[in-house]
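A short write-up of the structure that comes next.
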């Protein structure tokens with residue numbers, strides 16, 4: 001099968017399309033023919049070895065100290081089940097599915113466990129849209145619901161509101177009944193407003209920390225602020241939730257938990273089947289749409305990485321591996 005392979009860390013050009021052995025479904029797993037796969041900030045950080053402050057060594061120990069241990073990136077996929085293990089439950093041949101692969105999604109086939117974070121694709125969306133949900137949708141859900149403890153009537157500020165996570169965060173915060181202010185560039189103001197934001201701050205014209213508004217939650221999806229700035233707009237018991245953080249922020253979060261008052265909530269979103277099912281429900285209700293920032297063929301994956309690395313995408317960047325929609329018809 002064809003796959004985007006990286007043998008060494010570096011710029012997007014280290015990615016090469018190669019023929020590699022096709023994986024096989026385990027007894028308890030399924031083999032999925034991939035039709036679309038997200039290119040996420042996690043993918044480019046692993047490819048470039050660009051881990052947040054103070055975490056470079058930890059990151060390298062996880063991914064491979066001198067060279068990548070897993071040479072095919074792609075943490076999220078969408079496709080069709082083509083093989084089912086003898087002891088796998090919940091799926092049958094031909095099922096359109098999506099979920100977390102952890103790695104290996106940037107290939108024609110990926111093998112995953114049936115009991116793991118993989119679910120059927122709702123009829124309302126296609127493969128490209130489904131591929132955006134595991135990383136962007138689950139991150140937004142977990143960071144708002146579990147770390148931020150978002151509740152109806154709260155005021156929520158979302159930095160990077162047009163990006164892969166931010167676009168979902170705006171919609172999910174609104175679903176929970178919050179008053180949402182998004183921060184984005186001039187070009188993305190209308191887009192963020194279309195997602196349901198009550199107010200949008202154009203960061204090229206206005207400093208989010210200088211307007212006098214106060215928020216219960218500041219969700220930083222793009223690593224564009226520090227707690228020192230965020231606390232200026234937080235309510236006395238407000239919480240700053242950074243998606244990206246290094247060792248200094250982790251230590252600061254510990255101190256704030258002891259000191260009380262404004263705090264920093266950090267964590268990792270994980271990859272839960274239950275959370276994917278929650279998001280499926282929102283899609284089916286019409287409460288959630290999955291914005292695709294751009295579509296690239298697998299052989300143009302380096303360009304997809306460069307777009308993600310620019311941090312100016314409108315939604316999630318997706319690699320498509322064929323011209324099929326969710327029902328299998330040519331488009």
> Within segment 176-215, can you find the residues that are within 21 Å of the chain's Cα centre (by Cα), surrounded by fewer than 18 Cβ atoms within 10 Å (Cβ to Cβ) and in contact (Cβ under 8 Å) with a residue 40 or more places away in the chain?
Replying inline: 185
> So which of 102, 59 is closer than 21 Å to residue 277 by Cα and modelled with pLDDT under 95?
Replying inline: 102
>> When the residues of segment 119-133 are narrowed to those that are surrounded by 23 or more Cβ atoms within 10 Å (Cβ to Cβ) and touching a helix residue (DSSP H, G or I) at 6+ places or on another chain (Cβ under 7 Å), which ends up farthest from residue 288 (Cα to Cα)?
In response: 121
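Every residue, every condition in (1) under 28 Å from residue 116 (Cβ atoms); (2) modelled with pLDDT of 80 or more, yes or no:
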{"position": "239", "(1), (2)": "no, yes"}
{"position": "249", "(1), (2)": "no, no"}
{"position": "263", "(1), (2)": "no, yes"}
{"position": "268", "(1), (2)": "yes, no"}
> Does residue 168 fit the bill of being within 20 Å of the chain's Cα centre (by Cα), assigned to a helix (DSSP H, G or I) and farther than 18 Å from residue 147 by Cβ?
Replying inline: no
> Looking at segment 91-103, is at least one residue under 30 Å from residue 310 (Cβ atoms), surrounded by fewer than 20 Cβ atoms within 10 Å (Cβ to Cβ) and under 18 Å from the mean Cα position of the chain (by Cα)?
Replying inline: yes
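Okay, residues lined up against (1) in contact with a strand residue (DSSP E or B) (Cβ under 9 Å, 6 or more places away or on another chain); (2) assigned by TED's automatic domain parsing to the domain that holds residue 216; (3) modelled with pLDDT under 95:
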| site | (1), (2), (3) |
| --- | --- |
| 98 | yes, no, no |
| 112 | yes, no, no |
| 154 | yes, yes, no |
| 167 | yes, yes, no |
| 191 | yes, yes, no |
| 194 | no, yes, no |
>> For segment 197-316, give me every one of the strands (runs of 3 or more DSSP E) that falls completely inside it and has 3 or more residues that are under 24 Å from residue 180 (Cα atoms) and touching a strand residue (DSSP E or B) at 6+ places or on another chain (Cβ under 8 Å).
In response: 199-202, 215-220, 234-242
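The values are calculated or read from the model by the stated rules, or taken from the named source; none is laboratory data. Worth saying up front: this structure is predicted, and the values here are computed from it rather than measured. Every residue, glycine among them, receives a Cβ derived from its backbone with ideal geometry; neighbour counts consider all protein chains shown.
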